[in-house]
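**Student:** Here's a structure for you.
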Amino acid sequence: MSDSLLSRLHTSAQGHSASGPIQVLCLCAEWCGSYREYRATFDALKEQRPGCSAHWIDIEELEDYQHDLDISTFPTILILNAAGELCFSGPVTPHAATLLRLCDSVTSGALSISGSHAQTWQPLLKELRTTGRVV
């Protein structure tokens, strides 16, 4: 990631006050080139939004859940608010600004998803909580 991009991310993050920690999960597959390229952008989130807890998850390790979930594009992001409620799920463009906007929207309470859509992800989230990958 270029120094100028990191500088812009830092500038964008200044003045941001998270009301509570949110959890951001990046679901990808190790074999995916986009996955590897996105890693630096995703890891920068921890610095840019200290109130976010970022989790990098290889879906190949979650074979039991792959058939139940519609993960066709990488990276796919899940974002849980401070209460642990799923507020976003879906593929994103691999740009830092996109991820930061999504995190800010969840932190401010401006983003939520329907109960039925959120229910689709509950078995996976339960497994990730049980195994300690997310809280």
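Every number in this text was worked out from the coordinates using simple rules, so none of it is lab data. Note that the structure is predicted; figures quoted are calculated from it, not measured. With ideal geometry, Cβ positions are generated from the backbone for all residues, glycine too; neighbour counts draw on all protein chains shown.
**Student:** Could you list ILE77, ILE57 in order of exposure, starting from the residue whose Cβ has the fewest other Cβ atoms within 10 Å?
**Tutor:** Fewest-to-most Cβ neighbours within 10 Å comes out as ILE57, ILE77.
**Student:** When THR130, THR76, THR120, THR107 are ordered from fewest to most other Cβ atoms inside 10 Å of their Cβ, what list results? Mind showing how you got there, number by number?
**Tutor:** Numbers: THR130 9, THR76 20, THR120 14, THR107 23.
Ranking THR130, THR76, THR120, THR107 by Cβ neighbours within 10 Å, fewest first, gives THR130, THR120, THR76, THR107.
**Student:** Tell me, what ³J(HN,Hα) does each residue in region 118-129 have, in order and in whole Hz, if you take phi through Karplus 6.51 cos²θ - 1.76 cosθ + 1.60 with θ = phi - 60° and put x for Gly and Pro?
**Tutor:** 5, 4, 4, 8, 4, x, 5, 4, 4, 4, 5, 6
**Student:** Provide the gained length on full extension for the span LYS126 to ARG101, in nm with one decimal, where the gain is 0.36 nm per separating residue minus the Cα-Cα distance.
**Tutor:** Answer, rounded to one decimal: 6.4 nm.
**Student:** Under a point spin-label approximation (7 Å from Cα along Cα-to-Cβ), what is the ALA82-SER112 distance to one decimal in nm?
**Tutor:** Computed distance between label sites ALA82 and SER112 equals 1.6 nm.
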